[in-house]
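Visitor: First, the structure itself, so that you have it in front of you.
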Amino acid sequence: MLVGITYNLVAVMDIYICSKTFMYKFICFLFLSVVITSCNSDVDTGEFVVGADYLALNNNVIQIDTVTVALSTVKLDSLVTSSQSRILVGAYNDPIFGKIKSDSYFQLYGTNYSLYNDNTDTESTNYVFDSIRMVMKLDKYYYGDTTKTYTFNIHKVTEQIKTSLEDNTFHNDSKLSYQSASLGSISFKPKPLSTDSVSVVLSDDFGNELFQKIKKNEIANSDEFVEYLKGFVVTADSDNSSAVLGFDLSSELRLYYSKYLSSSETSYILNFGIYDTSKQFNAVTTDRAGTVIEDLPIATSKLVSTKTANQSFIQSGSGVSCRIDFPNIKQLKFAFDKGAIVDAQLSIKPVNGTFSSKYPLPESLLVYVADDLNRVKGLLTNAAGEPIYALLNQSADEFNESTAYTLSIGSFLQSEMIKASDARYSLILASPNVSKTVDRLVLADQNASSNNLKMKIYYISY
């Protein structure tokens with residue numbers, strides 16, 4: 001049976017002490033778990049180690065389920081979007097987050113800069129330009145409404161694709177100048193899960209100029225090619241797009257040519273590909289005017305959930321993330337002379353009506369540890385140094401009450417509780433593909449009217 005006792009500890013705490021029969025079973029289960037997962041009988045709970053000596057029958061395991069958990073929304077500093085192996089292009093107007101748009105820049109190279117030659121000295125003079133196309137290969141990522149027409153344009157970049165940053169990276173807020181006139185555009189209804197490619201016919205003037213330079217040996221190597229064609233940017237048409245699509249880096253520029261007045265229908269091709277992933281990046285822009293997170297502050301501050309209808313927000317690509325704070329966790333250590341947190345389970349639920357087949361939920365979330373200024377210190381990890389994810393449980397039920405992200409944070413809370421300094425760390429939730437998608441999510445806080453956040457702490461006193 002459960003015997004209820006009350007402690008005047010933090011704000012409100014419902015505390016339950018298990019009977020000795022239940023305690024014996026719990027301790028046996030906990031001990032067996034330790035044997036299975038570790039070479040010794042110690043449980044690592046941060047700076048404090050709970051060993052077998054503490055697992056005595058006269059110790060009390062207390063379940064605490066009313067410790068304050070505070071949610072807020074933050075905007076992480078710019079995200080690295082180069083070397084992500086995805087061309088991310090599109091735009092849509094999200095009913096909750098506002099407008100989002102992604103353009104993609106990349107540099108091209110060839111493996112060959114000469115026309116086909118069958119050892120005839122005059123062979124190259126008989127070739128003529130046919131056409132030039134950018135072949136974009138879908139990688140099956142999409143977000144938004146793909147039942148509507150989708151339009152994008154291709155432009156020539158007018159400056160070298162070169163970063164000024166010491167780590168040689170480009171970020172989601174990076175931009176380069178490019179020609180306003182499009183080399184080519186295409187409008188279509190996407191089938192993002194197909195293996196089809198999207199072939200964009202480019203300007204004949206551009207194609208013939210490139211062909212002539214190669215034919216005359218004015219472009220004979222990669223340096224000369226990049227000097228002429230510094231790169232492309234693929235831009236979404238915001239007025240004629242309702243989704244964001246992912247394209248593979250195997251996408252390529254194809255220049256078609258053939259023999260002049262030849263009876264043969266043979267067409268020759270020069271291919272130019274994206275071979276340096278560090279020279280490809282996605283530029284993501286947003287317009288949150290009129291949304292509940294319109295006043296999202298600078299990267300070092302936060303927008304508390306009490307000002308956003310008891311909700312917190314996550315959006316990949318833009319850096320919008322959910323921050324979790326435990327403002328009173330230090331006071332827990334004053335409840336008993338000796339004790340430790342041996343486990344803590346956090347269950348955080350998406351807000352009903354904010355997800356659908358059009359806006360699916362991520363299957364997991366990355367968990368970062370950050371300071372009060374949202375400076376990320378690293379990933380939340382287990383004792384083996386492996387990342388701990390918040391995992392989605394999406395069991396079918398009428399009101400989505402079972403749909404939740406669950407996360408084990410006992411070691412983190414133990415470390416925070418016994419920390420000598422007043423400095424506090426928070427947790428930040430983000431999509432695992434934060435730099436290469438535009439997935440989004442709305443989470444309910446502890447005081448939400450439905451599907452609210454819950455946390456259970458298991459505390460041993462001895």
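The values are calculated or read from the model by the stated rules, or taken from the named source; none is laboratory data. Computed from a prediction, not measured in an experiment: that's the story for all the values here. For neighbour counting, all protein chains shown are included, and Cβ atoms are generated from backbone atoms with ideal geometry for every residue, glycine included. Just the protein is used for accessible areas: all its heavy atoms, side chains included, with ligands, DNA and RNA removed. Shrake-Rupley method; radii C 1.70, N 1.55, O 1.52, S 1.80 Å.
Visitor: Per 0.36 nm of contour for each residue apart, how much would the distance between Thr158 and Ile186 grow if the chain were fully extended, relative to their Cα-Cα spacing?
Guide: Answer, rounded to one decimal: 7.9 nm.
Visitor: Using 0.36 nm times the number of residues separating Ser450 and Ser194, minus their current alpha carbon distance, what extension gain do you get?
Guide: Fully extending the segment from Ser450 to Ser194 adds 88.3 nm.
Visitor: Using +1 at the C-beta of Lys and Arg and -1 at the C-beta of Asp and Glu, which of Met417, Leu443, Tyr459 has the Cα lying farthest in the positive direction of the dipole of region 396-462?
Guide: Result: Met417.
Visitor: Ignoring ligands, DNA and RNA, what percent of the accessible area of region 249-344 is carbon or sulfur (1.4 Å)?
Guide: Within region 249-344, the accessible surface is 46 percent carbon and sulfur.
Visitor: Can you give the translational diffusion coefficient of region 119-255 in µm²/s, computed by Stokes-Einstein from the Kirkwood radius over Cα pairs at 25 °C and 0.890 mPa s?
Guide: 144 µm²/s
Visitor: Taking the C-alpha atoms of region 262-307, how large are the radius of gyration and the largest Cα-Cα span, Dmax, in Å?
Guide: Every Cα atom of region 262-307 included, Rg and Dmax give 24.4, 75 Å.
Visitor: Once R0 is set to 45 Å, what does the formula 1/(1 + (r/R0)^6) return for the Cβ-Cβ distance between Ala220 and Asp145, expressed as a FRET efficiency to the nearest 0.05?
Guide: That gives a FRET efficiency of 0.45.
Visitor: Magnitude of the Cβ-charge dipole of region 145-236, K/R +1 and D/E -1, about the Cα centre, nearest 20 debye?
Guide: Using Cβ point charges on Lys, Arg, Asp and Glu, region 145-236 gives about 360 debye.
Visitor: Another question about this same structure. With a 1.4 Å probe and all protein chains in place, put Ser258, Ser197 in order of accessible area, largest first.
Guide: Ser197, Ser258
Visitor: Here is a follow-up. Can you tell which of Val320, Pro362, Gly339 lies farthest toward the positive end of the dipole of region 270-379, using +1 and -1 charges on the Cβ of basic and acidic side chains (Lys, Arg; Asp, Glu)?
Guide: So the residue furthest toward the plus end is Gly339.
Visitor: Which far-off residues, 5 or more places away or on another chain, put their amide H under 5 Å from the one on Asn60, with H placed in the peptide plane?
Guide: Here Ser461 satisfy the definition.
Visitor: Skipping prolines and chain starts, which residues have an amide H placed within reach, meaning under 5 Å, of the one on Val198, given they are 5 or more residues away or on another chain?
Guide: HN-HN under 5 Å from Val198: Met136, Lys137, Leu138.
Visitor: What does the charge dipole of region 359-462 about its Cα centre add up to, to the nearest 20 debye, if the Cβ of each Lys and Arg holds +1 and the Cβ of each Asp and Glu holds -1?
Guide: Taking the Cα centre of region 359-462 as origin, the dipole is about 300 debye.
Visitor: Along region 238-252, what does the Karplus equation 6.51 cos²θ - 1.76 cosθ + 1.60 (θ = phi - 60°) give for ³J(HN,Hα), rounded to whole Hz, x for Gly and Pro?
Guide: Residue by residue, region 238-252 yields 4, 7, 10, 9, 10, 7, 10, 10, x, 10, 7, 6, 7, 4, 8 Hz.
Visitor: May I ask you to list the trypsin sites (Lys or Arg not before Pro) in region 167-220 that are in a DSSP loop and have at most 10 other Cβ atoms within 10 Å of their Cβ?
Guide: Loop-located and lightly packed - Lys216.
Visitor: If you don't mind, another one. Can you give me the long-range amide H partners of Tyr150? Hydrogens built in the peptide plane at 1.01 Å from N, cutoff under 5 Å, separation of 5 or more residues or another chain.
Guide: Residues meeting the criterion, in which the H sits 1.01 Å from N, are Phe188, Lys189.
Visitor: In addition: Starting from the Cα-Cα distance between Glu363 and Asn168, subtract it from 0.36 nm times their residue separation and give me the gain in nm to one decimal.
Guide: Once the chain is fully extended between Glu363 and Asn168, it gains 67.1 nm.
Visitor: Rank Val244, Val233, Ser185 by how far each Cα sits towards the positive end of the charge dipole of region 178-263 (+1 on Lys, Arg Cβ; -1 on Asp, Glu Cβ) and give me just the farthest.
Guide: Ser185
Visitor: Same structure, new question: Treat each spin label as a single point 7 Å out from the Cα along the C-beta direction, and report the Glu401 to Gln345 distance in nm.
Guide: The answer from the label model is 1.7 nm.
Visitor: Note down the nm distance, to one decimal, between modelled labels 7 Å out along Cα→Cβ at Thr306 and at Ser421.
Guide: My value for the distance between the label points is 2.7 nm.
Visitor: Please go through region 383-462 and write out the GluC sites (Glu not before Pro) that DSSP classes as loop and that have at most 12 other C-beta atoms within 10 Å.
Guide: In loop regions of region 383-462 (DSSP not H, G, I, E or B), the sparsely surrounded GluC sites (Glu not before Pro) are Glu398, Glu401.
Visitor: While we're here: About the Cα centre, and with charges only on the beta carbon of Lys, Arg (+1) and Asp, Glu (-1), how big is the dipole of region 167-297? Nearest 20 debye, please.
Guide: Value, rounded to 20: 420 debye.
Visitor: Across region 167-182, in residue order, what do the Karplus-derived ³J(HN,Hα) couplings come to in whole Hz, using 6.51 cos²θ - 1.76 cosθ + 1.60 with θ = phi - 60° and x for Gly and Pro?
Guide: 8, 6, 10, 10, 10, 5, 9, 6, 9, 10, 6, 8, 5, 5, 6, 7
Visitor: On to the next question. In whole Hz, with x marking every Gly and Pro, tabulate ³J(HN,Hα) for region 439-445 from phi via Karplus 6.51 cos²θ - 1.76 cosθ + 1.60, θ = phi - 60°.
Guide: Here the 3J(HN,Hα) series is 4, 9, 7, 10, 10, 8, 8 Hz.
Visitor: Given the convex hull over the Cα atoms of region 187-328, what projected area results after averaging over all orientations, in nm²?
Guide: 14.6 nm²
Visitor: Okay, next question. Go ahead and run the numbers for FRET between Asp371 and Asp295, Cβ-Cβ distance against an R0 of 22 Å, rounding to 0.05.
Guide: After rounding to 0.05, the efficiency reads 0.45.
Visitor: Rounded to the nearest percent, how much of the accessible area of region 125-187 (1.4 Å probe, protein heavy atoms only) is carbon and sulfur?
Guide: In region 125-187, the share of accessible area belonging to carbon and sulfur is 44 percent.
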